[in-house]
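Notes follow the structure.
The values are calculated or read from the model by the stated rules, or taken from the named source; none is laboratory data. In this text, all values refer to a predicted model and were calculated from it rather than measured experimentally. Here the Cβ positions follow ideal geometry from the backbone for every residue, glycine too, while neighbour counts run over all protein chains shown. With ligands, DNA and RNA removed, areas are computed over all heavy atoms of the protein, side chains included. Shrake-Rupley method; radii C 1.70, N 1.55, O 1.52, S 1.80 Å.
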Amino acid sequence: MPPRFVQRLSGALVIALVAAAAVYTVGASIDAAAVTLVGGIAAGLAAMGIRSAAPAASGPVAPDVDRVLDEVLDGIAEPVLLVRGKRVSCANQAARSLLGRHIVDEDIHIAIRHPAAADRLAGDAPLPGRPIELVGLGTPDQRWEMRIGETSDGARIVHLVDQSGRYAAEKMRVDFVANASHELRTPLASILGFVETLSDEAGEDPGLRARFLKVMFDEAQRMQRLIEDLISLSRIEGEKYRLPDERIDMGELLEDVYAELAAGGGERVVDVSIGFEDDLPAVIGDEVQLSQLVHNLIGNAMKYGRPGSPVSATVGVDGSGMVRFTVADEGEGIPPQHIPRLTERFYRVDAGRSRSIGGTGLGLAIVKHIVERHRGRLDIASTVGVGTTVSVAFPPADPKPAKPAPATAEAAVIKG
Ligand code: ADP
């Protein structure tokens, strides 16, 4: 008999005896006392019976291991499979979305349509020490890393890690170095060619010499612009996670940039008009970077707008309370398929045209990075044959306080 039961039984006997004695003492008959004693013991035993049954009925339910395992696996964002022998015995939600709902209980060769990887999983060969790289699961250019582990009973746990982002970033870095080298090599080759020519007889001809020197000067300037843009880009990227901290009045900043452009001369400056609302809210920004952004966008509108056509640059507060800087031109416009790629480094709609008017192909990439650092938003809208409007919205430094929510019971609960 378990000791707890003995303890409770003795307790019940004592209570029943005390109750029977009390009944006898207050003057009732011996029979009444005996009834009280037996009833008390019975009640105690019944109570103990109910008590001993209670934990099984209302205590913690034995966990359903399979269900919990499924829930845990479904909570993992990356695809995970359990393979027993040649079959998939379990697959989480992410694995089912990637490989298809049918994969559970399916042969591994059908579930993972990658023969070499499926063989490694199904075979008796020891597990590979390094992850296996898979290309084309899901979409054709998606890249995965397959990590395999083993359970104590020999099942194989397959974990697929999406490496597409890492590969895309690496490809971008390689392309960037190749593009930058190419952009620098072209003017450099031209300068070297002209130096060689000038050192021959051509150098004796004053007319030719002046012409060649002008070309060399232009090419050297092109290299300089490119190098300056590359330095800007890496500096802005380097500051990506450092929030700017100056209070900037975008109207004043626009006036300053316009004054610099006007002082620099250039035939298109007369076509530029600026405007801004009074009492603009300040934005939190980096003045040098915001000036560069305004320069780049007005510069593009002057370059790609038709000669003599107006360019307008304005600042105002938009419907959502953001401070919006907008530049509109009346140029050839941009075909819609190019718009999503314009902020990529060295992406140009017409490379020859861009180079001939002094473009580096980095202006909008720089703008994008400045906008990101300022937690802003860049919008490019264009109609072929009509013109292009580029706008950037920045959050105001002091956002207007939100209207107080109606005092409902629900709101009170959430706040509390
Ligand atoms: P770029 O130095 O070539 O001007 P950007 O990065 O500033 O480089 O712009 C990328 C490309 O976007 C340009 O080469 C041009 O094709 C297109 N573009 C930019 N702004 C405009 C505009 N306002 N109108 C038409 N095309 C534009």
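Brief remarks on what is shown
- Being in a helix (DSSP H, G or I) and touching a Leu at 6+ places or on another chain (Cβ under 6 Å) is true of D229.
- Every condition in (1) open to solvent by 60 Å² or more (accessible area, probe 1.4 Å); (2) part of a strand (DSSP E or B) holds for H159 except the one numbered (1).
- Selection from segment 330-344 of residues that are open to solvent by 20 Å² or more (accessible area, probe 1.4 Å), near the ligand (Cβ under 8 Å from one of its atoms) and in contact with a Gly (Cβ under 8 Å, 6 or more places away or on another chain): E332, G333
- Filtered residues of segment 345-375 (kept if of a type in the set (A, V, I, L, M) and within 8 Å of the ligand (Cβ to nearest atom)): V349, A351, I357, L362, L364, A365, I366, V367
Condition check ((1) aromatic (F, W, Y); (2) over 29 Å from R345 (Cα atoms); (3) in contact with a helix residue (DSSP H, G or I) (Cβ under 9 Å, 6 or more places away or on another chain)) across all residues:
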| residue | (1), (2), (3) |
| --- | --- |
| I132 | no, yes, yes |
| D141 | no, no, yes |
| N179 | no, no, no |
| E183 | no, no, yes |
| L198 | no, yes, yes |
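- Qualifying residue in segment 278-292 (condition: within 13 Å of the ligand (Cβ to nearest atom) and over 16 Å from G387 (Cα atoms)): yes
- All positions within segment 369-390 that are in a strand (DSSP E or B) and in contact with a Gly (Cβ under 7 Å, 6 or more places away or on another chain): S382, T383, G387, T388
- For the residues K240, K303, the requirement of being basic (K, R) and in a helix (DSSP H, G or I) singles out K303.
- Checked against (1) closer than 26 Å to L184 by Cα; (2) part of a loop (DSSP other than H, G, I, E, B), Q292 passes all but a single condition, namely (2).
- If you go through segment 190-213 and keep only what is in a helix (DSSP H, G or I) and either surrounded by fewer than 11 Cβ atoms within 10 Å (Cβ to Cβ) or among the acidic types (D, E) (or both), you end up with E196, S199, E201, E204, P206, G207, A210.
- Filtered residues of segment 355-396 (kept if of a type in the set (S, T, N, Q) and more than 22 Å from P310 (Cβ to Cβ)): S356, T360
- For I298, the conditions (1) assigned to a strand (DSSP E or B); (2) among the β-branched types (V, I, T); (3) within 16 Å of the ligand (Cβ to nearest atom); (4) open to solvent by less than 20 Å² (accessible area, probe 1.4 Å) all hold with the exception of (1).
- When segment 232-250 is filtered for residues that are open to solvent by 40 Å² or more (accessible area, probe 1.4 Å) and closer than 18 Å to E287 by Cβ, the ones remaining, listed by number, are R235, G238, E239, K240, R242, L243, D245, E246, R247, D249.
- Single residue of S391, S382 found to be open to solvent by less than 60 Å² (accessible area, probe 1.4 Å), touching a helix residue (DSSP H, G or I) at 6+ places or on another chain (Cβ under 7 Å) and polar (S, T, N, Q): S382
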